[in-house]
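Inspection log for the structure reproduced underneath, given as structure tokens.
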Amino acid sequence: MKTKFKWSHLYLVIVFILLYLPIMYLITYSFSDGSRMTNFTGFTFKHYAALFADTRMIQIVIDTLLVALLSSLVATIIGTLGAMAINTTSRSVVRNSVLSLNNILMVSPDVIIGASFLIFYTALKIPLGFGSVLMSHIAFSIPIVVLMVLPKLQEMSQSMLDAARDLGSTNGQIISRVIFPFITPGIFSGFFMAFTYSLDDFAVTFFVTGNGFQTLSVEIYARARQGIDLEINALSGVMFIFALLLVVGYYFIQTNNQSRKAKHQALEESEALAHETTH
Amino acid sequence: MKKSTNAAYYIPYGFWLIFFVIAPVVLIIYQSFFDINGHFTLSNYQTYFSSGTYILMTVNSVWYAFVITFFTLLVSYPTAYFLHYTKHKQLWLLLIILPTWINLLLKAYAFIGIFSQDGGINSFLGLFGIPAQQILFTDFSFIFVAAYIEIPFMILPIFNSVEELNEGLVNASRDLGASSWQTFRQVIVPMTMSGVKAGVQAVFIPSLSLFMITRLIGGNRVITLGTAIEEHFLTTMNWGMGSTIGVVLIVAMFIIMFLTGERNHHRKEARHEN
């Protein structure tokens with residue numbers, strides 16, 4: 001039994017080494033004095049210096065972040081409204097068909113989304129570039145926001161809304177004072193996921209971007225096709241740190257949500273207990 | 001009152017549904033009936049089914065996706081299973097998820113370095129006096145890199161299904177005299193099947209369409225449905241034929257979803273659920 005346990009650990013360790021080796025390999029050579037990913041000749045920061053001096057690359061990073069930020073912001077607004085629309089739809093046929101339509105973009109392969117959006121923009125004579133990329137990112141981020149916000153809306157009890165209405169709140173007040181604070185965690189998760197979707201995307205952007213506009217993924221692809229360039233390794237070092245920060249940030253949001261939920265549950269339980277004792 | 005606010009919520013969202021969900025799907029089907037000169041025709045479908053090249057390409061693409069999914073599953077199932085029994089499993093899980101946050105193209109790029117003539121693998125082999133091998137631009141490299149990228153997306157759903165497994169049933173099976181192998185085959189595997197199906201779905205469909213990996217790692221030797229679509233749309237500009245292959249890919253997607261049950265969650269969602 002004991003030895004079997006160790007075998008399973010060995011297996012896990014091998015899988016983890018396999019998972020991380022390529023990433024570490026990439027980052028290690030970002031400090032190499034050579035110009036290829038072979039024969040580590042000496043330690044240097046010159047590729048990082050070259051990266052930070054590369055104005056074209058910096059412009060691309062800014063553009064990528066701008067698209068990610070704007071698209072996730074707009075997608076969060078439209079997605080939240082969509083979730084509220086679905087939540088107030090009482091006919092289950094309509095509701096289920098809207099939900100299925102919602103999920104189409106989530107299961108479609110990226111190539112199909114990219115190709116069909118390209119046909120769409122061309123048919124409407126929308127020029128390819130920043131605008132088309134931004135619209136596409138908004139479009140493929142909306143369904144995930146809906147899926148993040150909808151469960152929060154469903155958790156909300158009808159009696160709370162009735163109480164607010166009985167106490168004389170207007171519709172606007174109910175939305176801003178009751179519904180909105182309650183679903184905020186879902187909105188934040190949705191925004192965050194939309195942001196990472198946008199940063200991650202390559203295939204859709206590749207299809208709908210023209211010659212003038214580049215995002216980071218498209219640029220990496222273009223450079224990687226030309227062969228090894230240790231500036232990309234330096235870039236991957238920077239992006240690895242950024243990914244780490246994002247993961248930590250996301251888990252912070254998650255645990256915060258969970259502790260809030262736990263607090264909520266504890267509160268409900270104590271209320272139930274108080275209720276029992278008074279009887 | 002309630003009706004009208006409902007309608008107001010639907011305005012931006014409905015606009016999105018019509019213009020960015022329904023319209024593109026309709027357009028790609030519509031486009032598949034036009035030839036390169038813009039004439040309405042069924043010739044794209046005719047070409048697809050009659051010329052052996054397209055059928056062969058589709059069969060090849062499905063075969064590659066199958067091999068990738070198979071190896072991914074082979075590595076992922078034990079990983080997910082063993083992970084369940086580790087002490088700090090949330091931390092381990094976080095470590096599995098972290099690589100999925102690294103840009104896919106950077107991971108592919110890493111392998112250009114590792115697999116190249118004077119790269120990591122060949123210098124390692126060189127230590128044993130083995131001459132440099134051509135690894136990059138082979139079927140092996142394509143399958144290896146695709147499987148590498150997909151592994152976390154297979155581990156997560158299987159891990160979740162192992163977590164949901166009722167430990168009591170496993171113990172009951174052992175108490176009733178089943179061997180470890182019997183317990184595994186007849187209790188654990190059937191009860192984690194939903195995770196395996198979700199994982200297969202999350203890996204198989206992208207494997208049909210990962211065109212960037214075929215370009216960067218497979219050279220131009222490996223052509224998948226995704227590569228063919230990209231080629232027709234962005235290089236030869238034959239959108240009609242590209243759309244036809246797109247329709248084939250959509251059909252393939254539905255077949256896979258039908259075979260693996262309709263747990264239609266996007267794979268990227270999986271990494272946020274834990």
Just tell me how shielded B:205-212 is by partners: mean number of partner chain Cβ atoms within 10 Å of each residue's Cβ, no decimals.
5
Rounded, prolate or oblate: which fits region B:53-270, taking a ≥ b ≥ c as square roots of the Cα gyration tensor eigenvalues, rounded meaning a/c under 1.5, else prolate when a/b beats b/c?
oblate
Unit charges on C-beta of K, R, D, E only; dipole of region B:53-270, Debye
140
May I ask you to derive the relative contact order of region A:41-236, considering only C-alpha pairs under 8 Å and at least 6 residues apart, and to give it as an integer percent?
38
Count, for each residue of A:241-253, the Cβ atoms from other chains sitting within 10 Å of its Cβ, then give me the mean as a whole number.
2
Expressed as a whole number of Å, what is the distance separating the alpha-carbon centroids of region B:149-211 and region A:76-107?
31
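Average partner chain C-beta neighbours within 10 Å, per residue of B:20-33?
6
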When chain B is treated as a GNM, springs tying every alpha-carbon pair under 10 Å, which of B:GLY119, B:GLY177, B:GLY226 comes out with the largest mean-square fluctuation?
B:GLY177
If packing is taken as the average number of other Cβ atoms within 10 Å across a peptide's residues, how do A:13-23, B:79-89, A:69-79, A:33-43 rank, most packed first?
A:69-79, B:79-89, A:13-23, A:33-43
Apply the Karplus curve 6.51 cos²θ - 1.76 cosθ + 1.60, θ = phi - 60°, to the phi angles in region A:239-252 and return the couplings in whole Hz, x for Gly and Pro.
5, 5, 4, 4, 4, 4, 4, 4, 4, 4, x, 5, 5, 5
Under the rule rounded for a/c under 1.5, else prolate if a/b exceeds b/c, else oblate, using alpha carbon gyration tensor axes a ≥ b ≥ c, region A:1-103 is classed as oblate
Let me know the shape class of chain A, please: from the alpha-carbon gyration tensor, a ≥ b ≥ c as square roots of the eigenvalues, rounded when a/c is under 1.5, otherwise prolate if a/b is greater than b/c, or oblate.
oblate
For B:PHE34, residues with placed amide H under 5 Å, excluding near neighbours
B:THR41
Over chain B, calculate the relative contact order: mean separation of alpha carbon pairs under 8 Å at least 6 apart, over the residue count, as a percent.
27
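Taken together, the values in this text are just the output of simple stated rules run on the coordinates, not laboratory data. The model shown is predicted, which means the values in this text are computed figures rather than measured ones. Cβ: placed from backbone, ideal geometry, glycine included. Neighbour counts: every protein chain shown.
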